[in-house]
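A short worksheet on the structure shown next.
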Amino acid sequence: HAWHRANGALLEDYGEWRRPAAYPRAGESRHAAIQREIHAVRTGLGLIDSSTFGKIELRGPDALAFLDRFYINNLATLKPGRARYGLMLRETGIVFDDGTAVMLAPDHLLITTTTGNAGRVHAWLEEWHQCEWPELRVAILPVTDQWATIALAGPQARTILTRLPTDVDLSAAAFPHLSMRKGTLLGNPARIYRVSFTGELTYEINVPASVGPTLWNALMNAGAGEGLQPLGMDALLLMRLEKGFLHVGSDTDGTTVPDDVGWGKVAASKKN
């Protein structure tokens, strides 16, 4: 937060958080800042503070079976090291939230949620576990505040990330799209996703919250020669729109069902 304020971020409310909407420079309009940030990501590099994404861990022998009941697409076939995007509905069939799910181990899963729904999704999971399926052996733990999340996006993302000391093989063959790898980065535990909400090559890096500022500064320094720029929410949402990626909250309301957003066939194919 201190870095964003010191570097001219225009902060606005997103859920319970203050997040940078854009980073306008002196004499630059908000619109011009957004276009500059998008150009940086499409042609080179952008850095996004996504720490506010909800993060919830589920542990126990029934964790996968439990989680599969909440998403309209199939999570039962999820394998360790792979990430899967999922859409979550209310019991009324209305679109509720979306995010990724990864398997850290057969009895240990991690999901991400939208910024505004982190608390609601956790409460939703707990309600169904405690009131409807208490026989399922699973523990649910929100860890949003424990992990900083920094997304490095753009065609040069792999080049820059390999400049930091890590034991994770970042090659395209070893680390394909929709994968997650655990390892170390800058000597600290790291969970790195290869997912993208911009349409460009992106590494979504999770490190302990206390390490977040260190990693942010290290990436800014590593990418300075390639024109790495911080990216605000305005630019990110516009890039998602350009790619046709769903944004729950902007593209949905209290009446949106899966068929309204192109997920009708997926929902209909779910067997349970």
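The values are calculated or read from the model by the stated rules, or taken from the named source; none is laboratory data. As the structure is a computational prediction, the values presented were derived from the model and not from experiment. Neighbour counts are summed over all protein chains in view; Cβ atoms, including those assigned to glycine, are modelled from backbone coordinates with ideal geometry. In case anyone asks, the SASA skips ligands and DNA or RNA and just uses the protein heavy atoms, side chains included. Shrake-Rupley method; radii C 1.70, N 1.55, O 1.52, S 1.80 Å.
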* Which whole-number value in Å² is the accessible area per residue of the chain, probe 1.4 Å? -> 45 Å²
* Taking the Cα centre of the range 16-109 as origin, work out the dipole magnitude from +1 charges on Lys and Arg Cβ and -1 charges on Asp and Glu Cβ, in debye rounded to 20. => 360 debye
* Tally Lys and Arg at +1 and Asp and Glu at -1 over the other residues with C-beta under 12 Å from the C-beta of Thr100: what net charge comes out? -> +2
* Structure fact -> With +1 at each Lys and Arg Cβ and -1 at each Asp and Glu Cβ, the charge dipole magnitude of the chain around its Cα centre, to the nearest 20 debye, comes out at 740 debye
* Asked: Taking +1 at the Cβ of each Lys and Arg and -1 at the Cβ of each Asp and Glu, which of Gly81, Val266, Gly225 sits farthest along the dipole of the chain towards its positive end, judged by Cα position relative to the Cα centre?
  -> Gly225
* Of the heavy-atom accessible surface of the range 183-225 (probe 1.4 angstrom), what whole percent is carbon and sulfur? -> 54 percent
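Can you give the charge dipole size of the range 97-171 about its Cα centre, rounded to the nearest 20 debye, using +1 on the beta carbon of Lys and Arg and -1 on the beta carbon of Asp and Glu?
420 debye
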* For the chain, what is the mean residue ellipticity at 222 nm derived from helices alone (per DSSP H run of n ≥ 4: -39500 (n - 2.57); sum divided by total residues; nearest 500 deg cm²/dmol)? -> -7500 deg cm²/dmol
* Asked: Which whole-Hz couplings ³J(HN,Hα) result when phi for each residue of the range 173-182 is put into the Karplus expression 6.51 cos²θ - 1.76 cosθ + 1.60, θ = phi - 60°, listed in order with x for Gly and Pro?
  -> 5, 7, 9, x, 4, 6, 10, 9, 10, 9
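Under 12 Å from the Cβ of Glu16, count the other residues' Cβ atoms, weight Lys and Arg +1, Asp and Glu -1, and hand me the total.
+1
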* Structure fact -> Relative contact order in percent for the range 78-132 (Cα pairs under 8 Å, 6+ apart) equals 26 percent
* Which listed pairs, of Lys243/Lys270; Lys55/Lys182; Lys55/Lys79; Lys79/Lys182; Lys79/Lys270, have C-alpha distances above 21 Å, in listed order -> Lys243/Lys270
* Asked: Which net charge results when you count Lys and Arg as +1 and Asp and Glu as -1 among the other residues whose beta-carbon is under 11 Å from that of Trp263?
  -> -1
* **GNM flexibility winner over the chain from Asn74, Asn206, Asn217 (Cα, springs under 10 Å)** => Asn217
* To do: Tell me which label goes with the value of percent of Cα pairs over 34 Å apart computed from the coordinates here: (1) 23; (2) 18; (3) 42.
  => (2)
* Could you give me the ³J(HN,Hα) list for the range 38-45, computed from phi with Karplus coefficients 6.51, -1.76, 1.60 and θ = phi - 60°, whole Hz, x at Gly and Pro? -> 5, 4, 4, 6, 5, 10, x, 8
* To do: Go ahead and set up a Gaussian network model of the chain, Cα springs under 10 Å, then flag whichever of Gly199, Gly116, Gly244 fluctuates most.
  => Gly244
